[in-house]
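Rule-based calculations on the coordinates, nothing more; no lab input. Quantities reported herein were computed from a predicted structural model and do not represent experimental measurements. So basically every Cβ, Gly included, is an ideal-geometry build from the backbone, and we count neighbours across all protein chains shown.
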């Protein structure tokens with residue numbers, strides 16, 4: 001692992017303590033340490049999803065990120081140093097789609113070294129609590145690995161479910177729930193590729209559905225969401241693992257008290273000016289709220305050491 005990657009990983013864990021009220025993780029024992037692994041994540045919160053998962057896992061991770069982010073000549077080397085690879089969508093230009101083959105080849109090379117890659121099974125990100133149709137990219141990479149005669153033929157595909165309390169900035173519970181691996185013996189890797197993709201994607205959907213509360217009708221701020229937030233806050237207070245919190249939500253357990261909007265103060269009051277700056281940047285850069293959490297978290301990652309240094313200097317001047 002590179003020095004900058006190690007710093008970013010450690011920094012992500014530190015900033016998570018300020019951005020989230022609680023991060024609960026379950027199932028990391030399902031991730032083998034010396035085998036090729038594809039982590040198949042749901043994708044509710046843009047860039048933040050890969051950042052927080054990669055930051056909290058012990059193994060080094062590689063990521064697939066939006067291809068348009070790599071067009072900036074200053075951002076490109078930073079993204080590569082963070083183990084990020086570009087994946088292009090049709091909306092980014094039909095001429096770029098062929099470049100995805102280079103990324104798939106790069107993933108194969110990474111897996112041949114018994115390393116780990118994070119992919120988003122749904123492709124596009126949406127701020128909600130639902131599962132969307134699976135794309136073909138994950139299946140294509142898995143099939144290529146399983147058909148190979150190299151180390152990547154031992155690939156394990158592991159679903160990882162992400163659940164956020166809300167998508168309105170800092171002060172929320174995050175659940176990272178890691179499931180059991182999908183092995184190549186569970187699908188027919190030889191024969192019709194379209195059939196393989198359908199069957200493989202169905203296994204991924206079933207795996208993810210066990211790991212998150214699938215609530216397609218829930219909307220931010222409605223009665224269902226308020227009950228969801230209440231039990232999520234309460235259960236995460238008493239349970240150390242994400243799986244236990246998910247179980248409480250799925251069984252319809254009712255919280256003893258309403259959710260609290262002020263719980264975040266304990267974790268985040270010190271950095272309140274940075275949150276305001278992050279929110280200002282987010283609104284300036286993106287009209288879509290989808291990217292706001294990622295921008296706010298990014299501002300914290302970059303600026304918290306400078307911010308604390310300024311406070312220290314200010315205190316020295318006063319006292």
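Things worth noting here:
- Cβ-Cβ distance of residue 310 and residue 240, R₀ of 45 Å, FRET efficiency by 1/(1 + (r/R0)^6): the value works out to about 0.80.
- In terms of its Cα atoms, region 276-319 spans 44, 15, 10 Å along the principal axes, sorted from long to short.
- Distance (nanometres) between label positions extended 7 Å along Cα→Cβ at residue 34 and residue 148: 1.9
- Cα-Cα P(r), the chain, percent of pairs per 20 Å interval: 31, 58, 11, 0
- Fully extended contour minus Cα-Cα distance, from residue 272 to residue 215, at 0.36 nm per residue: 17.4 nm
- Helix-only mean residue ellipticity at 222 nm for the chain, each DSSP H run of n ≥ 4 adding -39500 (n - 2.57), per residue, nearest 500: -14500 deg cm²/dmol
- Beta bridges by DSSP in the chain, antiparallel share as percent, to the nearest 5: 20
- Cα radius of gyration and Dmax for region 4-48 (Å): 13.0, 33
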